[in-house]
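Worksheet for the structure shown next.
Coordinate-derived values only; no laboratory data. All figures in this text were calculated on a predicted structure; none of them were measured in a lab. Cβ: placed from backbone, ideal geometry, glycine included. Neighbour counts: every protein chain shown.
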Amino acid sequence: MSGLLIAGSVFAGIAALIHVYIFFLESVAWSREKTWRLFGLGSQAEADTVKPMAFNQGFYNLFLAIGIGVGIVLIASSSAEQAGLAVLIASLASMVLAAVVLITSNPKLARSAAIQGVAPLIALVLTLVSLAA
């Protein structure tokens with residue numbers, strides 16, 4: 001495994017951890033005032049209205065993180081490295097594109113988009129460059 005691929009895998013792991021944390025916030029801790037305020041909601045009533053969507057979105061983030069984990073494990077397995085790269089690249093690209101959708105839908109969410117999108121973008125670039133090298 002090349003140094004670039006290892007670095008890409010490290011950033012991918014960081015991206016996965018960020019998305020697991022987002023899953024926790026959206027699907028487990030959503031009812032806590034501190035959590036829904038973090039997402040810009042002003043009342044418990046607003047949080048209750050958005051809760052089903054947040055719950056669903058949290059699992060989306062968890063599934064992306066799982067994809068990253070599966071990709072890294074498969075890459076480490078010499079017999080399934082190509083499959084691992086495919087899963088890793090698809091998961092990373094999904095994370096990056098979700099961040100693009102977030103910032104284009106509401107530029108005020110640029111900080112949130114950066115939090116969810118920078119690590120997977122770095123990982124994706126490093127992984128793709130490792131393939132070209």
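How do TRP30, TRP36 rank when sorted from fewest to most other Cβ atoms within 10 Å of their own Cβ?
Numbers: TRP30 20, TRP36 23.
Going from least to most buried by this count: TRP30, TRP36.
Any chance you could run the full-extension gain for TYR60 through ALA76? It's 0.36 nm times the residue separation minus the Cα-Cα distance, nm to one decimal.
Numbers: separation 16, 0.36 × 16 = 5.76 nm, distance 2.47 nm.
Full extension of this stretch gives 3.3 nm more.
If you build the Cα gyration tensor of the chain and take the root of 5 times each eigenvalue, what three semi-axes come out, in whole angstrom, biggest first?
31, 15, 10
Please give the Cα centre distance for segment 79-98 versus segment 1-64, rounded to the nearest Å.
The distance from the Cα centre of segment 79-98 to that of segment 1-64 comes to 19 Å.
Let me know the charge dipole size of segment 27-133 about its Cα centre in debye, to the nearest 20, where only the beta-carbon of Lys, Arg (+1) and Asp, Glu (-1) is charged. Intermediate values should be presented prior to the final figure.
Numbers: 6 positive and 4 negative charges, 61 e Å.
I would put it at about 300 debye.
Using alpha carbons only, how many degrees (0 to 90, rounded to 10) separate the axis of helix 3-23 from the longest principal axis of the chain?
In the chain, helix 3-23 runs at an angle near 20 degrees to the longest axis.
So for the chain, averaging the separation of alpha carbon pairs under 8 Å that are six or more residues apart and normalising by length, what relative contact order in percent results? All intermediate terms of the calculation are to be shown ahead of the outcome.
Values: 159 pairs, mean separation 45.2, N = 133.
Over the chain, the number comes to 34 percent.
Please find, in a Gaussian network model of the chain (springs between Cα atoms separated by less than 10 Å), the residue of ILE103, ILE122, ILE89 whose mean-square fluctuation is greatest.
ILE103
Mind checking the angle between helix 44-76 and the chain's longest principal axis? C-alpha axes, 0 to 90 degrees, to the nearest 10.
Relative to the chain, helix 44-76 is tipped by roughly 10 degrees.
Between GLU46 and ALA110, what's the calculated FRET efficiency when r is the beta-carbon distance and R0 is 22 Å? Round to 0.05.
Numbers: r = 22 Å, r/R0 = 0.98.
Step by step, r from the Cβ atoms, then E = 0.50.
Can you tell me the orientation of helix 81-105 relative to the chain, as the angle in degrees between its alpha-carbon axis and the longest Cα principal axis, to the nearest 10?
30
With a 10 Å cut-off between alpha carbons and a GNM built on the chain, which of ALA123, ALA86, ALA12 moves the most?
Result for the chain, Cα springs under 10 Å: ALA86 fluctuates most.
Give the shape of segment 64-123 as rounded, prolate or oblate, defined through the alpha-carbon gyration tensor: a ≥ b ≥ c are the square roots of its eigenvalues, a/c under 1.5 means rounded, and otherwise the shape is prolate if a/b is larger than b/c and oblate if not.
On the way: a/c = 3.85, a/b = 3.24, b/c = 1.19.
It comes out prolate by the Cα gyration axes.
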